[in-house]
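Since every read-out is calculated from the coordinates, none of them should be taken as a lab result. In this text, all values refer to a predicted model and were calculated from it rather than measured experimentally. Cβ coordinates were reconstructed from backbone atoms using ideal geometry, including for glycine residues, and neighbour counts include every protein chain displayed.
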Amino acid sequence: MRRLDELAAADARRGGERIAFDREWDELLAEIRRIDGFSGFLRPPGLDELRRAAIGGPVVVVTVGRLRSDAVIVAADGVERVIQLPATYDDTVEEALRYLQTVHDLEVARQVAAEAQRPFLDGDRSLASIQAFHAAAAQLHAERIRGEGTILEVLDWLWTAIAEPVLRALGHTTTPEGDTWPRLWWCPSGLLTAMPLHAAGRYAADATGDTVLDRVVPSYTPTVRALLEATKSPVGTVDPGLLVVAAPDVPGQTPLPNVEREVELLTRLFAGSSTVLYGEAATTTAVRAELGRHPWVHFSCHGNQDVTDPSNGGLILHDGTLTVHSITGGTYQGELAFLSACKTATGGVELPDEVITLAAAIHYAGYRQVIATLWSVYDPTAADVVEAVYTELAGNGGRPDSTRAAQALYRVVRRLRDRYPTSPSVWMPFIHLGP
């Protein structure tokens, strides 16, 4: 009985301490909020403030639930709309798993082909080496044909179930004329965070114009608040110094022969204002030390994403992986981060609502705009995209302008799409985050 009384007394003391701590917390918050400029400290932004995120175009928050699915459109004019979508929860799970499995199978086939090619490139011209190389190449070709077909089916479903109803509600029913196109920000949740809403569409020969890319310039934001904060960030207040992180030949990874091409291009466009960490110099410690000193950063290396534990994914450098977890521990004032690497914008499947990707982590850490990839890209294609985007951002020898990043990437991707409409693996992986 005495023991029970002691436990009850101890529990009462802990309860009293919690009440005291809560009171102290409330008093501290009140004191902080009385300071000029801190009235909203630790308060969620109000609806009027969130509308400012949509100053460049509507933000579409997409949710899929067991009871119903909706798109909430946040607009700067103060008009919010909720559109019930035909996408069902079961269909979304099925299509997301089909898409992720297809991406996984393509990755495995690409890795097998790369491993089979390595002895051949190293000089092994034996019959066994040649046969293994040709067999792996044939398997990759077959997997690509199957995979492209599946991805096109997923893009068709995304168009019918989500994208087309949203664009119709916004009045984007035809291809715009002129050079200035409307913009739209996708803010997906759940399993949709892993899916390519920006590329949704019907790519059959009789479906001209029935795609997102033929109606708007699409971007992404992990949350409405993240886009709002990015719009507040100053642009061009300092010299556009560029950090180039290049790791073309990391042990255990397929060599990236076009990294040299990217480095040469960037050091020429940013002559006198670039820092290059190349090969053995591209370590996790060196990169973290330099990030805060450069408003622009370009990663030219392999990337990796663990969809079951996305915080462990990241960029593969000379001495290890620069992870999502390590990036979120820093705070920067950056203008543009270009992740010319694989799977930097792929989220997780265990905690999909948390939108944990390397691209989102760098965006949250302070880089206003991020160009990234949903999954692996072909090395020559990545280099072509890098060259076209940076050449446009650099202009005619003037000051590089990061504010044109979304439009520059869009134009490059659309040209690739027009050239390879039924090969989405060529053009679909590239995405833009930020204003």
_How large are Rg and Dmax for the stretch 264-306 when calculated on the C-alpha trace, in angstrom?_
11.4, 37
*³J(HN,Hα) across the stretch 136-142 via Karplus (A = 6.51, B = -1.76, C = 1.60, θ = phi - 60°), whole Hz, x for Gly/Pro?*
5, 5, 5, 5, 5, 4, 5
*In a solvent-free Debye calculation with one equal scatterer on each Cα, what is log10 I(q)/I(0) for the stretch 186-225 at q = 0.30 Å⁻¹, listed in the order of the q values?*
-1.01
*asked:* Give me a comma-separated list of calculated 3J(HN,Hα) values for the stretch 420-435, in order, Karplus coefficients 6.51, -1.76, 1.60 applied at θ = phi - 60°, integers in Hz, x for any Gly or Pro.
replied: 10, x, 9, 10, x, 5, 6, 10, 5, x, 7, 9, 10, 10, x, x
*Take the Cα radius of gyration of the stretch 29-114 and divide it by 2.2 N^0.38 Å, with N its residue count; two decimals is plenty.*
1.74
_the stretch 59-220 - convex hull of alpha carbons, volume per residue in Å³_ = 146
*Scanning the chain for trypsin sites (Lys or Arg not before Pro) in DSSP loops with at most 14 other Cβ atoms within 10 Å, what's the longest stretch left with none?*
126-292
*Pull out a ≥ b ≥ c, the square roots of the eigenvalues of the alpha-carbon gyration tensor of the stretch 63-152, then state rounded if a/c is under 1.5, prolate if not and a/b is larger than b/c, and oblate in the remaining case.*
prolate
*Pull up all non-local amide H partners of SER274: gap of 5 or more, or a different chain, and H-to-H distance under 5 Å with H placed in the peptide plane.*
LEU242
*Acute angle (nearest 10 degrees) that the helix 405-419 long axis makes with the longest principal axis of the chain, alpha-carbon atoms*: 40
*Column: log10 I(q)/I(0), Debye, Cα scatterers of the chain, q = 0.14 Å⁻¹*: -1.35
